[in-house]
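Notes follow once the structure below has been shown.
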Amino acid sequence: NAGVTQTPKFRVLKTGQSMTLLCAQDMNHEYMYWYRQDPGMGLRLIHYSVGEGTTAKGEVPDGYNVSRLKKQNFLLGLESAAPSQTSVYFCASSYTLDRAGNQPQHFGDGTRLSIL
Amino acid sequence: ILNVEQSPQSLHVQEGDSTNFTCSFPSSNFYALHWYRWETAKSPEALFVMTLNGDEKKKGRISATLNTKEGYSYLYIKGSQPEDSATYLCALTTGTASKLTFGTGTRLQVTL
């Protein structure tokens, strides 16, 4: 019973390198989200998706791109990594009966990313 | 951008103490208030989702209340145990695509 799985768990990049973080969920959830967690700040929404083939910007989308080609996967890409993107990244998914927020989100274990 | 505030930032109690902390939020456009428990090196785990003014929810020794008119929620832990040590997050949604705005959390440490 995997739930939400994030890969990789850790990565160190050099400034300017690119990489993709993968999030996979096996709960058949429609909604998926990418957050970043920085010291002293709450989880901040980067991008989200309300279904296969759809994506939308969250609170802090600059420098990131996402894709949701399959319902179970949500990819977060950094095209040209910057030190300001050093953070812990969390993926989450949720079931929805409507477009409202009355269902809990299920989180992955996070990806710790360092940009040198 | 919604402003969700949690207090205190951190709390240190002894085993057996009861404790509570606060989540404050703008009362306009409220749809749901979430509470999550986040242990170090693990992922946040949902405790409660509350939608109605006056809602009270309980899970074991943990309970929560909601006042949407004045914009606050309380989380209570009765008889704290060391395993309750974690960061407790609250998050608000106005209902659009279930997007959550999180507070910065209350970090609870329970010692013997």
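The values are calculated or read from the model by the stated rules, or taken from the named source; none is laboratory data. Small disclaimer: the values here were computed from a predicted structure and weren't measured. Note that we place each Cβ from the backbone using ideal geometry, even for glycine, and neighbour counts take in every protein chain shown.
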Next item on the list: Could you list all residues from segment A:75-92 that are in contact with a helix residue (DSSP H, G or I) (Cβ under 8 Å, 6 or more places away or on another chain) and surrounded by fewer than 16 Cβ atoms within 10 Å (Cβ to Cβ)?
Entry: none
Next item on the list: Considering only segment B:19-59, state which residues are touching a Ser or Thr at 6+ places or on another chain (Cβ under 7 Å) and among the hydroxyl-bearing types (Ser, Thr, Tyr).
Entry: B:19, B:22, B:27, B:31
Note to self: Restricting to segment B:84-112, give me the number of residues that are in contact (Cβ under 8 Å) with a residue 12 or more places away in the chain and either within 14 Å of residue B:14 (Cβ to Cβ) or part of a loop (DSSP other than H, G, I, E, B) (or both).
What the structure shows: 13
Margin query: Considering only residues that are surrounded by 13 or more Cβ atoms within 10 Å (Cβ to Cβ) and more than 8 Å from every other protein chain (Cβ to nearest Cβ), which ones fall in segment B:37-52?
Written below: B:37, B:38, B:39, B:47, B:48, B:50
Check: Just for segment A:46-65: of the residues that are among the β-branched types (Val, Ile, Thr) and outside any strand (DSSP E or B), which one is modelled with the lowest pLDDT?
Finding: A:50
Margin query: I need the strands (runs of 3 or more DSSP E) fully contained in segment B:1-69, keeping only those with at least 1 residues that are basic (Lys, Arg) and on the phi < 0 side of the Ramachandran plot.
Written below: B:32-38, B:56-59
Next item on the list: Could you please find all residues in segment A:32-45 being in contact with a strand residue (DSSP E or B) (Cβ under 8 Å, 6 or more places away or on another chain) and either part of a loop (DSSP other than H, G, I, E, B) or not aliphatic (A, V, I, L, M) (or both)?
Entry: A:33, A:34, A:35, A:36, A:37, A:38, A:42, A:43, A:44
Next item on the list: Mind listing just one residue for me: the one in segment B:56-68 that is within 14 Å of chain A (Cβ to nearest Cβ) and crowded, with 17+ Cβ neighbours inside 10 Å and, of those, nearest to the chain's Cα centre (by Cα)?
Entry: B:64
Item checked: Pairs with Cβ under 9 Å, 6+ apart, first in segment A:39-63 and more than 7 Å from every other protein chain (Cβ to nearest Cβ) and touching a residue at least 24 places away in the same chain (Cβ under 8 Å), second assigned to a loop (DSSP other than H, G, I, E, B) and among the acidic types (Asp, Glu) -> A:46/A:59; A:49/A:30
